[in-house]
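**Q** Pasting a structure below so you can have a look.
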Amino acid sequence: MIQRVEKTISIGMLSERTGVAVSALRYYETQNLLHPERNAGGQRRFLRADIRRVSFILIAQQFGFTIEQIKTELARLPERRTPTKRDWSKIANHFGTVLDAKIETLQNMRDKLDSCIGCGCLSLKSCALYNPADKAAKRGTGPRYLMGDRSGDV
């Protein structure tokens with residue numbers, strides 16, 4: 001006997017399959033990351049493909065992406081149908097570019113911190129993070145030199 005696979009799943013099943021609390025799934029819905037339908041009894045029904053969407057959300061959050069950034073990426077996927085490999089490739093290309101930039105920033109920060117920790121601040125004139133008279137503030141908030149600005153740029 002062939003077992004019929006339902007096209008949609010309950011919020012409880014989505015929670016069980018992804019390991020994400022029901023309350024978090026409801027939150028994702030309020031943030032327009034998930035778009036369940038309602039059955040005749042008013043219960044949420046999710047596409048099975050939403051398991052992949054939730055998995056993507058979890059991975060993106062681990063990489064430090066905000067809900068807004070994740071929403072922008074998920075907007076590239078079709079609504080009301082299971083995304084194809086081509087659909088996911090669109091996200092992967094853009095997401096990969098953003099991740100490459102994050103990786104470069106992290107490597108730059110690691111390299112600067114490595115040299116800073118090793119120097120013991122004995123040679124401020126050659127320190128990559130030295131910021132006399134707070135010149136870096138002209139470029140904006142945060143650790144400007146660790147974010148990619150160079151002291152010669154200020």
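The values are calculated or read from the model by the stated rules, or taken from the named source; none is laboratory data. Everything numeric here is computed off the predicted structure, so don't read it as measured data. So basically every Cβ, Gly included, is an ideal-geometry build from the backbone, and we count neighbours across all protein chains shown.
**Q** With the checklist (1) of a type in the set (Asp, Glu); (2) in contact with a Ser or Thr (Cβ under 8 Å, 6 or more places away or on another chain); (3) farther than 20 Å from residue 79 by Cα in hand, flag the one item residue 37 doesn't pass.
**A** (3)
**Q** Output the residues belonging to segment 49-71 that are loosely packed, with under 13 Cβ neighbours inside 10 Å and part of a helix (DSSP H, G or I).
**A** Of everything in segment 49-71, those that are loosely packed, with under 13 Cβ neighbours inside 10 Å and part of a helix (DSSP H, G or I) turn out to be 59, 62, 68.
**Q** Which ones in segment 127-154 are over 28 Å from residue 64 (Cα atoms), small (Gly, Ala, Ser) and at pLDDT 70 or above?
**A** Hit for segment 127-154 is 133, nothing else.
**Q** Just checking, which of 18, 8 is in contact (Cβ under 8 Å) with a residue 24 or more places away in the chain, surrounded by 11 or more Cβ atoms within 10 Å (Cβ to Cβ) and more than 25 Å from residue 95 (Cβ to Cβ)? If you could, list the steps in order and put the result at the bottom.
**A** Details: 18 fails: more than 25 Å from residue 95 (Cβ to Cβ).
Selected residue: 8, the only one of 18, 8 that is in contact (Cβ under 8 Å) with a residue 24 or more places away in the chain, surrounded by 11 or more Cβ atoms within 10 Å (Cβ to Cβ) and more than 25 Å from residue 95 (Cβ to Cβ).
**Q** Continuing with the same structure: Please go through segment 73-99 and give me each residue that is in a helix (DSSP H, G or I) and of a type in the set (Lys, Arg), ordered by number.
**A** Those that are in a helix (DSSP H, G or I) and of a type in the set (Lys, Arg): 85, 86, 90.
**Q** Could you tell me whether any residue of segment 29-43 is without any contact (Cβ under 8 Å) to a residue 60 or more places away in the chain, closer than 27 Å to residue 106 by Cβ, under 19 Å from the mean Cα position of the chain (by Cα) and crowded, with 16+ Cβ neighbours inside 10 Å?
**A** Checked segment 29-43: at least one residue is without any contact (Cβ under 8 Å) to a residue 60 or more places away in the chain, closer than 27 Å to residue 106 by Cβ, under 19 Å from the mean Cα position of the chain (by Cα) and crowded, with 16+ Cβ neighbours inside 10 Å.
**Q** Here's another thing I want to ask about it. Condition first: touching a helix residue (DSSP H, G or I) at 6+ places or on another chain (Cβ under 6 Å) and either among the hydroxyl-bearing types (Ser, Thr, Tyr) or not in a loop (DSSP other than H, G, I, E, B) (or both). Now tell me which residues in segment 15-48 satisfy that.
**A** 15, 17, 18, 22, 25, 44, 46
**Q** Continuing with the same structure: Any chance segment 104-126 includes a residue that's at pLDDT 85 or above, under 23 Å from the mean Cα position of the chain (by Cα) and either hydrophobic (A, V, I, L, M, F, W, C) or not in a helix (DSSP H, G or I) (or both)?
**A** Looking for residues that are at pLDDT 85 or above, under 23 Å from the mean Cα position of the chain (by Cα) and either hydrophobic (A, V, I, L, M, F, W, C) or not in a helix (DSSP H, G or I) (or both), one finds at least one in segment 104-126, hence yes.
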